[in-house]
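Here is the structure we will look at, set down as structure tokens.
Bear in mind these aren't lab numbers, they're just calculated from the coordinates by the rules spelled out. Keep in mind the model is a prediction, meaning the values are calculated, not measured. All Cβ positions, glycine included, derive from the backbone under ideal geometry; neighbour counts span all protein chains shown.
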Amino acid sequence: MPATNTLIGTQLYAAAGDAARRQANCVSSLLALRDVDVVNVQWREEPCAHPAIDTLAVLDRDAASVVGVAGRKKPIVADLCDALAHAAAARGCRYFVLVNGDIVVTQAAIDRIASGGRQTYAFSRRDVDPESGDERGIMVFGIDAFAFDVAWWSANRHRFRAYVFGEPCFDNVFAAIMMTHGNGTIENRRGEIRHDLHPSQAGGAFARFNHYLAALDTPYFRLWARYIAALQPMRERGASEADEQAMLERMFVWSASPLAGVWHAGRWARARWRYGRDRARFIATAGAAPR
């Protein structure tokens with residue numbers, strides 16, 4: 001048996017100000033976890049290392065090279081997962097976890113993965129006011145930590161498009177794929193991961209690219225929207241966790257028909273046309289990414 005069953009990773013960067021404080025809190029939480037290996041997934045060139053965390057300097061492409069528009073160096077989500085899956089397999093770990101770099105991960109999240117026996121886990125965060133420390137509830141509309149069985153990721157890698165990490169929509173689509181094609185669960189009742197509230201910095205060409213990919217992934221995004229719409233009244237009625245899991249398993253079922261295929265083909269064509277128009281505008285403003 002391996003020393004640990006779970007590898008957890010994020011990507012650190014040269015943060016400043018309050019972002020540096022949030023990243024430091026994330027790092028402290030990861031280093032305090034038991035029964036995990038912790039890694040920092042970085043670029044091959046000029047990695048941002050941390051003295052207490054193993055660095056995986058394996059990334060070659062970034063958002064600018066994928067989108068073709070100049071901008072901040074940001075990773076592709078599936079590339080981070082590929083790196084973690086490879087490292088987890090090499091260490092004999094069954095699971096790998098990808099977490100946003102401003103999230104505090106509690107031991108309860110790791111214990112849930114270790115004891116649940118599922119192929120995938122998607123965790124929603126509990127928001128906290130950084131000034132008062134007051135809890136502001138669980139943000140069920142998004143996902144900030146993803147856990148994958150390595151074998152499941154390898155079998156389903158082809159389903160995941162090149163979404164930009166830290167930009168909108170990817171978490172909803174990823175969660176929908178995980179629930180639709182595996183024995184997964186969404187952890188959004190107890191708040192096993194925590195997050196200090198702060199203004200969003202997402203936007204621009206990379207956010208628009210993620211919205212474009214989400215349009216291509218409309219069948220999955222619609223499943224996510226249906227799940228959230230069903231979850232809210234269940235919470236108001238005080239439904240049990242077992243009832244919510246049963247609803248999740250009913251909602252996330254892939255169904256394709258010839259008519260739906262024609263409808264989606266038309267939607268994809270419109271999405272490509274609109275995105276091409278918007279991308280040209282971003283290039284005109286920010287410049288093309290260097291080759």
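Once the GluC sites (Glu not before Pro) in DSSP loops with at most 10 neighbouring Cβ atoms within 10 Å are cut out of the chain, the longest remaining piece is 132-291.
The packing ranking, built from the mean of other Cβ atoms within 10 Å per residue, places the peptides 22-28, 120-126 in the order 120-126, 22-28, highest first. This model, with +1 at the C-beta of Lys and Arg and -1 at the C-beta of Asp and Glu, gives the chain a dipole about its Cα centre of some 1240 debye.
Have a look at the DSSP beta bridges in the chain and tell me what percent are antiparallel, nearest 5.
Numbers: 17 of 39 bridges.
Of the beta bridges lying entirely in the chain, close to 45 percent run antiparallel.
Roughly what % antiparallel, to the nearest 5, for the DSSP beta bridges in the stretch 1-152? Working shown, then result.
Numbers: 12 of 26 bridges.
DSSP beta bridges in the stretch 1-152 are roughly 45 percent antiparallel.
Distances between placed amide hydrogens fall under 5 Å for Gly101 paired with Gln11, all partners being 5 or more residues away or on another chain.
Which semi-axes, in whole Å and largest first, does the equivalent ellipsoid of the stretch 109-265 have when worked out from the alpha carbon gyration tensor as the square roots of 5 times its eigenvalues? Walk me through the intermediate numbers first.
On the way: eigenvalues 123, 85, 54 Å².
Equivalent-ellipsoid dimensions as semi-axes: 25, 21, 16 Å.
Largest mean-square fluctuation among Tyr163, Tyr212, Tyr95, in a Gaussian network model of the chain whose springs join Cα atoms under 10 Å apart, belongs to Tyr212.
May I ask for the equivalent-ellipsoid semi-axes of the chain, computed as the square root of five times each C-alpha gyration tensor eigenvalue and listed largest first in whole Å?
Working: eigenvalues 149, 135, 76 Å².
Value: 27, 26, 20 Å, ordered largest first.
For Arg125, the residues whose amide H sits under 5 Å from its own are Met139, Asp144, ignoring neighbours fewer than 5 places away on the same chain, with H placed 1.01 Å from N. The residues neighbouring Ala151, those whose beta-carbon lies less than 15 Å from its own, together hold a net charge of +3 under the Lys/Arg +1, Asp/Glu -1 convention.
For the stretch 46-91, trypsin sites (Lys or Arg not before Pro) meeting the loop criterion (DSSP other than H, G, I, E, B) and having at most 14 other Cβ atoms within 10 Å: Arg61, Arg72, Lys73.
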